[in-house]
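First comes the structure, then the notes that go with it.
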Amino acid sequence: MPVPPKTPQHPKAPPDPRPGPKAARPDAPDPTASPATLARLHAACFTRPRPWSAAEFATLLAAPDTLLAAVPDGFGLARVTLDEAELLTLAVAPAARGKRLGTRLLADLLARAATRGATCLVLEVAADNLPARALYARAGFAQVGRRPGYYGGTDALLLRVAFPARRNFLARSAR
Ligand SMILES: CC(C)(COP(=O)(O)OP(=O)(O)OC[C@H]1O[C@@H](n2cnc3c(N)ncnc32)[C@H](O)[C@@H]1OP(=O)(O)O)[C@@H](O)C(=O)NCCC(=O)NCCS
């Protein structure tokens with residue numbers, strides 16, 4: 001996933017939405033998040049190489065292995081492949097940050113991924129994205145790899161958390 005510290009960037013194209021061979025059942029549609037809303041939020045949080053379009057979000061949301069957690073000012077998407085979940089993106093509108101929305105969204109995705117049979121969640125984060133790294137550290141993620149220069153001169157860190165995620169993190173998300 002993204003991000004230089006001041007202007008978050010997303011270096012990846014949207015993932016291939018085709019389901020894996022053992023895709024789980026789709027989640028119920030989430031009325032708080034239309035593809036257009038997600039695209040707008042994504043554009044406010046990520047700019048490089050380009051924000052994901054509403055059409056791309058529609059395709060992702062239609063895929064049976066995609067998990068969505070959404071509130072009016074933020075959302076997260078994950079994908080479950082067999083016993084591993086991958087965080088595709090996590091975004092909170094700039095004006096709504098610091099209110100634990102990111103924590104709630106991540107906790108929601110962790111819970112949903114576990115329900116789908118995942119035993120861990122992996123993600124990529126820019127080494128200089130300190131807010132996101134702090135959030136993931138609190139959730140119990142550990143670094144399992146590094147991709148030098150992946151974000152145009154900034155390294156990507158590969159993080160992983162095995163389930164169950166930290167009990168106190170999940171409790172914090174409810175406050
Ligand atoms: C990363 C992001 C989702 C965090 O959302 P958020 O709602 O502000 O996060 P929370 O309020 O839940 O904060 C959770 C923890 O993250 C850390 N954190 C959040 N903002 C921080 C900041 N500006 N500086 C340092 N740590 C920060 C803190 O440890 C915080 O815990 P605390 O509330 O006990 O202090 C948000 O900053 C964002 O959308 N950034 C741009 C997109 C992005 O980088 N996404 C992640 C890509 S890997």
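One table, with the values for the structure above:
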read-out	value
Count of region 98-119 residues which are within 8 Å of the ligand (Cβ to nearest atom), touching a helix residue (DSSP H, G or I) at 6+ places or on another chain (Cβ under 8 Å) and not basic (K, R)	3
Residues of region 154-167 that turn out to be closer than 19 Å to T81 by Cβ and of a type in the set (G, A, S), as a count	2
Residue in region 43-51 that is within 22 Å of A162 (Cβ to Cβ), buried (at least 21 other Cβ atoms within 10 Å of the Cβ), modelled with pLDDT of 70 or more and within 15 Å of the ligand (Cβ to nearest atom) present	no
Residue check, P31 modelled with pLDDT under 95 and either out of contact with any helix residue (DSSP H, G or I) (no Cβ under 9 Å at 6 or more places or on another chain) or in a strand (DSSP E or B) (or both)	yes
A78 within 13 Å of the ligand (Cβ to nearest atom) and either without any contact (Cβ under 8 Å) to a residue 60 or more places away in the chain or under 15 Å from the mean Cα position of the chain (by Cα) (or both)	yes
From the options A95, A85, residue that is free of Cβ contacts under 8 Å to residues at least 40 places away in the same chain, more than 7 Å from the ligand (Cβ to nearest atom) and touching a Cys at 6+ places or on another chain (Cβ under 9 Å)	A85
Region 121-153 - residue that is surrounded by 18 or more Cβ atoms within 10 Å (Cβ to Cβ) and closer than 23 Å to L82 by Cα and, of those, nearest to the ligand (Cβ to nearest atom)	V125
Any hit, region 56-65, residues being within 15 Å of the ligand (Cβ to nearest atom) and either on the phi > 0 side of the Ramachandran plot or among the β-branched types (V, I, T) (or both)	no
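The values are calculated or read from the model by the stated rules, or taken from the named source; none is laboratory data. Remember, it's a predicted structure, so these values are computed and weren't measured experimentally. Ideal geometry is used to build each Cβ from the backbone, glycine not excepted, and the neighbour counts take in all protein chains shown.
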